[in-house]
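Trainee: Just passing along the structure, written as structure tokens.
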């Protein structure tokens with residue numbers, strides 16, 4: 001039995017290293033495996049002229065919007081609405097406008113996060129992100145969602161709205177963020 | 001009359017060098033401290049978010065949970081009949097559960113939840129992640145802390161009950177921080193919501209859950225560490241794995257829709273009362289299993305103590321009556337209560353010290369080369385000095401030395 005303070009010999013170090021590896025696998029392994037399973041599948045989907053999004057595996061186009069122009073991707077109970085609009089303000093102003101003009105008119109109850117998260121796309125464009133929860137239309141369960149607004153210097157902007165029934169958002173959030181941050185603005 | 005100063009620690013007996021968490025040159029300590037430090041920052045940040053969301057609900061959550069922690073800690077410590085574990089290790093176990101395991105588990109659950117979502121879809125994941133990934137990830141992370149403690153201070157894992165103490169405290173820390181999360185995020189964070197959460201998660205379910213799961217893992221780890229000289233490696237691995245799996249299985253059952261009798265909504269008093277009944281349905285089997293294991297461990301400890309002290313009874317360190325009292329936890333508590341009543345608190349404290357030193361004498365006896373081992377001689381003399389000091393307190397003498405109970409002078 002070593003006395004307190006005496007350094008352990010080599011073999012005693014091994015269990016500690018093994019444990020560190022085990023902890024790392026448990027904590028980060030899911031992201032690695034999830035990332036490996038989450039590959040782009042299929043061709044890019046055009047949202048509007050010059051704006052495309054690449055669906056990850058499992059996500060499929062489920063519809064189109066006219067005003068504003070956009071597309072809905074879906075994966076089970078998870079959805080991602082992406083719209084493209086001409087806009088030259090700040091990403092936060094775009095988020096506020098989307099909440100006011102798209103979400104609020106259809107909501108019976110709506111709570112929007114006070115904290116606005118600044119984001120940056122893979123191509124370096126600035127964006128803003130908020131979360132919300134609310135009751136919409138005739139849906140019986142609350143809807144949780146996450147809105148990200150990205151503004152390009154060319155005056156084209158994209159708003160992505162990933163949403164699903166309560167409890168589902170956390171399982172699509174990674175995909176929603178990955179697809180949003182990889183959106184191509186021409 | 002004052003007792004002798006405690007005997008100097010003899011280097012060759014592991015009981016004598018009191019274990020501690022703070023062994024900076026141990027690799028396991030470095031890992032333990034590094035993880036606790038990093039996760040500590042994240043955990044404080046998380047609590048800040050909860051406090052901002054609902055200052056009153058957050059504060060009420062901690063007040064209520066403090067009321068829950070205190071009796072559970074006392075209960076866990078009361079189960080450890082013969083040897084009090086070092087405070088630094090017990091605090092370390094609690095902090096690991098509360099800070100490190102909860103923070104790491106948040107990442108792990110999200111990561112593996114993504115895998116479930118990729119494989120089964122988001123709807124499936126929202127229903128089944130709590131069953132498929134959380135029990136294993138959380139139990140591994142909590143048990144890792146206990147393994148680190150065992151690597152830092154293996155001499156403090158003398159028997160399975162020691163592992164139960166560390167595991168239960170680790171699980172308690174985890175449960176408390178998880179409860180704050182639930183009270184604020186799931187139950188709404190308002191004072192009414194927090195009280196509802198307290199009813200569901202603590203009053204109704206507080207006897208089950210993380211304290212038991214990690215208590216079982218801790219027992220397995222302690223079995224593996226403490227039976228090195230008695231059991232073959234294969235058996236030690238099998239028992240440790242079996243107890244860990246039992247904890248995970250209990251966790252899976254708790255999170256699963258099986259045996260789920262919880263009301264979907266609470267509309268009246270009957271629904272409120274159904275919650276503890278539903279919790280008991282899921283939690284009682286594991287609680288009963290743990291009680292059986294703890295009783296078996298107690299029996300083993302008592303047997304070991306009797307064996308160790310048989311040859312000491314009648315020596316200056318231990319009278320025959322003292323041995324009888326020492327072997328019976330109820331009688332031990334009663335003797336201290338009687339002492340307090342007859343001779344006051346100081347005498348009761350001194351009697352407690354005498355009994356603790358006599359347990360230490362037992363540990364020394366099992367490791368001594370022979371009956372005249374210098375360590376034993378010193379220990380006996382110390383016990384005697386405590387007894388003499390006790391006898392000098394007015395009113396204390398009769399309990400300290402019975403009529404048929406003469407220790408050689």
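Trainee: As an exercise: evaluate residue B:40 against (1) modelled with pLDDT under 95; (2) under 30 Å from residue B:183 (Cα atoms); (3) touching a helix residue (DSSP H, G or I) at 6+ places or on another chain (Cβ under 7 Å) and give the number of the one condition it does not meet.
Mentor: (1)
Trainee: Another question, if that's okay. Taking residue B:143, is it facing chain A (nearest Cβ under 9 Å), closer than 27 Å to residue B:224 by Cβ and within 25 Å of the chain's Cα centre (by Cα)?
Mentor: For residue B:143, the condition - facing chain A (nearest Cβ under 9 Å), closer than 27 Å to residue B:224 by Cβ and within 25 Å of the chain's Cα centre (by Cα) - is not met.
Trainee: Picking from B:78, B:59, B:98, which residue would you name as being free of Cβ contacts under 8 Å to residues at least 40 places away in the same chain, under 29 Å from residue B:37 (Cβ atoms) and more than 12 Å from chain A (Cβ to nearest Cβ)?
Mentor: B:59
Trainee: Just checking, which of B:165, B:87 is surrounded by fewer than 23 Cβ atoms within 10 Å (Cβ to Cβ) and either under 13 Å from the mean Cα position of the chain (by Cα) or more than 14 Å from chain A (Cβ to nearest Cβ) (or both)?
Mentor: Exactly one of B:165, B:87 is surrounded by fewer than 23 Cβ atoms within 10 Å (Cβ to Cβ) and either under 13 Å from the mean Cα position of the chain (by Cα) or more than 14 Å from chain A (Cβ to nearest Cβ) (or both), namely B:87.
Trainee: Follow-up question, since we're still on this one. Can you tell me which residue in the range B:74-90 is nearest to residue B:161 (Cα to Cα), limited to those that are touching a helix residue (DSSP H, G or I) at 6+ places or on another chain (Cβ under 8 Å) and in a helix (DSSP H, G or I)?
Mentor: Restricting to residues being touching a helix residue (DSSP H, G or I) at 6+ places or on another chain (Cβ under 8 Å) and in a helix (DSSP H, G or I), the top hit is B:79.
Trainee: Separate question: For the range B:341-358, what are the residues that are crowded, with 19+ Cβ neighbours inside 10 Å and in contact (Cβ under 8 Å) with a residue 60 or more places away in the chain?
Mentor: B:350
Trainee: Quick test of your reading of the structure: residue B:134 fulfils all but one of (1) under 16 Å from the mean Cα position of the chain (by Cα); (2) more than 10 Å from chain A (Cβ to nearest Cβ). Name the failing condition by number.
Mentor: If we test residue B:134 against (1) under 16 Å from the mean Cα position of the chain (by Cα); (2) more than 10 Å from chain A (Cβ to nearest Cβ), just (1) comes out false.
Trainee: Next question, about the same structure. Answer yes or no as to whether residue B:283 is crowded, with 23+ Cβ neighbours inside 10 Å, touching a residue at least 24 places away in the same chain (Cβ under 8 Å) and part of a helix (DSSP H, G or I).
Mentor: It is false that residue B:283 is crowded, with 23+ Cβ neighbours inside 10 Å, touching a residue at least 24 places away in the same chain (Cβ under 8 Å) and part of a helix (DSSP H, G or I).
Trainee: Among the candidates B:95, B:151, B:141, B:136, which residue alone is surrounded by fewer than 21 Cβ atoms within 10 Å (Cβ to Cβ), in a helix (DSSP H, G or I) and assigned by TED's automatic domain parsing to the domain that holds residue B:240?
Mentor: Exactly one of B:95, B:151, B:141, B:136 is surrounded by fewer than 21 Cβ atoms within 10 Å (Cβ to Cβ), in a helix (DSSP H, G or I) and assigned by TED's automatic domain parsing to the domain that holds residue B:240, namely B:136.
Trainee: Is the range A:124-140 home to any residue that is crowded, with 18+ Cβ neighbours inside 10 Å, more than 28 Å from residue B:185 (Cα to Cα) and modelled with pLDDT of 90 or more?
Mentor: Within the range A:124-140, one or more residues are crowded, with 18+ Cβ neighbours inside 10 Å, more than 28 Å from residue B:185 (Cα to Cα) and modelled with pLDDT of 90 or more.
Trainee: Look through B:116, B:44, B:69 and report the one residue that is farther than 30 Å from residue A:174 by Cβ, assigned by TED's automatic domain parsing to the domain that holds residue B:217 and part of a helix (DSSP H, G or I).
Mentor: None of the other options fit; the residue is B:69.
Trainee: While we're here: Return yes when residue A:143 is in contact with a strand residue (DSSP E or B) (Cβ under 6 Å, 6 or more places away or on another chain) and at pLDDT 95 or above and no when it is not.
Mentor: no
Trainee: Follow-up. Every residue in the range B:114-128 that is under 20 Å from residue B:258 (Cα atoms), facing chain A (nearest Cβ under 7 Å) and surrounded by fewer than 24 Cβ atoms within 10 Å (Cβ to Cβ), please.
Mentor: Once the filter is applied, which keeps residues that are under 20 Å from residue B:258 (Cα atoms), facing chain A (nearest Cβ under 7 Å) and surrounded by fewer than 24 Cβ atoms within 10 Å (Cβ to Cβ), the range B:114-128 yields only B:123.
Trainee: When residues of the range A:1-28 are filtered for being more than 7 Å from chain B (Cβ to nearest Cβ), outside any loop (DSSP other than H, G, I, E, B) and either surrounded by 15 or more Cβ atoms within 10 Å (Cβ to Cβ) or modelled with pLDDT under 85 (or both), how many remain?
Mentor: 3
Trainee: Separate question: From B:331, B:313, grab the single residue that is surrounded by fewer than 19 Cβ atoms within 10 Å (Cβ to Cβ) and modelled with pLDDT of 90 or more.
Mentor: Only one candidate qualifies: B:331.
Trainee: Among the listed residues B:181, B:198, identify the single one that is at pLDDT 90 or above and under 25 Å from residue B:33 (Cβ atoms).
Mentor: B:181
Trainee: Mind listing whichever residues of the range B:183-239 are farther than 30 Å from residue A:144 by Cβ and not in a helix (DSSP H, G or I)?
Mentor: B:207, B:227, B:228, B:229, B:230, B:231, B:232
Trainee: Provide a single number: the residues in the range A:30-48 that are at the interface with another protein chain (Cβ under 7 Å from one of its Cβ atoms) and at pLDDT 90 or above.
Mentor: Selection size over the range A:30-48: 3.
The values are calculated or read from the model by the stated rules, or taken from the named source; none is laboratory data. All values reported here derive from a predicted model rather than from experimental measurement. Note: ideal-geometry Cβ built from the backbone for every residue, glycine included; neighbour counts use all protein chains shown.
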